[in-house]
1. Out of the GluC sites (Glu not before Pro) in region 1-83, which ones are loop residues according to DSSP with at most 14 other C-beta atoms within 10 Å?
2. Around Val132, which amide H atoms from residues at least 5 apart in sequence, or from another chain, sit under 5 Å from its own amide H, with H modelled in the peptide plane?
3. Under the rule of -39500 (n - 2.57) per DSSP H run of 4 or more residues, summed and divided by the residues of the chain, what mean residue ellipticity at 222 nm is obtained, to the nearest 500 deg cm²/dmol?
4. Given DSSP loops and a limit of at most 10 other Cβ atoms within 10 Å, what is the longest stretch of the chain that contains no such trypsin sites (Lys or Arg not before Pro)?
5. Relative to the first principal axis of the alpha-carbon coordinates of the chain, what is the inclination of helix 144-157, with its axis defined by its Cα atoms, in degrees from 0 to 90 and to the nearest 10?
6. How high is the FRET efficiency between Asn88 and Tyr163 when r is their beta carbon distance and R₀ equals 41 Å, given to the nearest 0.05?
7. List the pairs from Lys37/Lys159; Lys102/Lys178; Lys25/Lys156 whose alpha-carbon separation is above 28 Å, in the order I gave them.
8. Summing Lys, Arg as +1 and Asp, Glu as -1, what charge do residues with Cβ under 14 Å from the Cβ of Val147 carry, Val147 excluded?
Amino acid sequence: MKFGKKNMSRIGKKPITIPQGVEIKIDGQTVSVKGPKGELIRTFLPDVKVEIKENEIIVSPVFENKRVSAIWGLTRALLNNMVEGVVNGYEKKLEMEGIGYKANLEGKNLTLSVGFSHEVKVECPEGITFGVEKNVISVSGIDKEQVGLVACNIRKIRKPEPYKGKGIRYQGEIVRRKAGKRVATAGA
C-alpha cells in the first residue's frame, strides 16, 4: 500500500515498544493492555489494523484516505497512552488560590470550600485517586483521558478570575491579569 506525501501520518508510522511486564491482547479491534498499575481496554475503528511484531505494537491503515490518516495517528497515540498509563500512570495537579479556599478528603471523595455559601463535593470516579497537600489537589490514575477530564471538571468549579487571580488553576498555569477600574478625579 503506497501513500502520497499528504496522507502519511508521522505519528502513526512510529512503532510502540512494549515494556517488560506489560501484556497486550488483540481481539479484532479491541485491544487490552495489562501492566503493573492495572488494565485498560479500548475498541478502535476498523479503518486501522493493530498488530504485534517483535515486542512492538505496529499500527497500519487499512486503506488510503485523509480521514484514515488522521485516525491512524490518533490510534497510535491512544495505544501509547494506554501502555504509558499501565506502567507509570498519569497525574495532574491543581492549585487553589484565594482567602479561605481549602480542600479536604472525605474517604475517597473531595470536598472543596471555594467561596460559595456551601461546600462543593466531588465524587471520585472508578480508577482515579485524589490527593490534597496544603492548597494543591492531585488527580491521578492510569487512564490519561479520564485524569484530564476529572481535573478539568474540578477546575470548572471555580475558574481563575482575571482581576485578583482567585480560583482553581492547573499547576504552572499562567492567568492573564487585567487592571481594575480606575476612578477619574474631577478637575476643579
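1. Loop-located and lightly packed - Glu54, Glu64.
2. Ser138
3. Numbers: 3 runs with 40 residues, N = 188.
One gets -7000 deg cm²/dmol as the mean residue ellipticity at 222 nm.
4. Excluding the exposed sites themselves, the longest stretch runs over 7-133.
5. For helix 144-157, the angle is close to 20 degrees.
6. Once rounded, the FRET efficiency stands at 0.60.
7. Details: Lys37/Lys159 32 Å; Lys102/Lys178 25 Å; Lys25/Lys156 37 Å.
From the list (Lys37/Lys159; Lys102/Lys178; Lys25/Lys156), the Cα-Cα distance tops 28 Å for Lys37/Lys159; Lys25/Lys156.
8. Values: positive: Lys37, Lys92, Lys93, Lys144, Arg155; negative: Glu84, Glu91, Glu126, Asp143, Glu145.
Once positives and negatives cancel, what remains is 0.
Throughout, read-outs are computed from the coordinates displayed, never taken from laboratory work. As the structure is a prediction and not an experimental result, all values here were calculated from the model. All Cβ positions, glycine included, derive from the backbone under ideal geometry; neighbour counts span all protein chains shown.
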